[in-house]
Amino acid sequence: MKYSRARSASPGRAGFAIAALMTLLVAACSEHQDPTDPGNGSGVVVEITLTDFQFSQPELRVTRGTTVRWRNTTATFHTVTPDGHTTWTEWQTSSPGETFEVTFLEPGTFPYFCVPHRSIGMVGTIIVE
Ligand SMILES: [Cu+2]
């Protein structure tokens, strides 16, 4: 063993300071890197409903910090699948009343589609300004 038991059991003041600094760094990094962290939203929520077989607002324009909530109003299987980006992980739903939220913190254009109904036009785009 290269380190003593006493040292590992009691990290001391320097150890705590380093731990606190690491926590700050991790928090700063994740805030910068995660464009959909719900902790930094403006509190504005805009809802899009899934019907048979379309999104209620196929093109939705929002400001940064807005939370978009998709709500399934059908008993049909639908998805909200990112098209060419990884801003969120695909959501799957098959029960009325189920919801899914993404808070957009960075500007950009975020297309998505429903896997089983893409070919009949169940597609959408979120434009964040
Ligand atoms: Cu669908």
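The numbers here are math on the coordinates, done by the rules we state, and not lab data. Bear in mind the structure is a predicted one, so any value in this text is a computation, not a measurement. All Cβ positions, glycine included, derive from the backbone under ideal geometry; neighbour counts span all protein chains shown.
Working only within the range 112-129, note down all residues that are within 14 Å of the chain's Cα centre (by Cα) and either within 16 Å of the ligand (Cβ to nearest atom) or surrounded by fewer than 16 Cβ atoms within 10 Å (Cβ to Cβ) (or both). Before the answer, list the steps.
First, the residues of the range 112-129 that are within 14 Å of the chain's Cα centre (by Cα): 112, 126, 128.
Matches in the range 112-129: Tyr112 only.
Would the range 105-116 turn up any residue that is more than 23 Å from Asn40 (Cβ to Cβ) and touching a Leu at 6+ places or on another chain (Cβ under 7 Å)?
No, every residue in the range 105-116 fails to be more than 23 Å from Asn40 (Cβ to Cβ) and touching a Leu at 6+ places or on another chain (Cβ under 7 Å).
If Asp83 satisfies all but one of (1) surrounded by fewer than 16 Cβ atoms within 10 Å (Cβ to Cβ); (2) of a type outside the set (A, V, I, L, M, F, W, C); (3) in contact with a Leu (Cβ under 6 Å, 6 or more places away or on another chain), what's the number of the condition it fails?
(3)
Which residue pairs have Cβ atoms under 6 Å apart, sit 6 or more places apart or on different chains, and have a first residue in the range 73-96 that is among the charged types (D, E, K, R) and a second that is surrounded by 14 or more Cβ atoms within 10 Å (Cβ to Cβ)?
Sorted first by the residue in the range 73-96, then by its partner, the pairs are Asp83/Pro111; Asp83/Tyr112; Asp83/Phe113; Glu90/Thr79; Glu90/Thr81.
What's the number of the condition Thr63 fails, among (1) surrounded by 13 or more Cβ atoms within 10 Å (Cβ to Cβ); (2) among the polar types (S, T, N, Q); (3) within 16 Å of Asn40 (Cα to Cα)?
(1)
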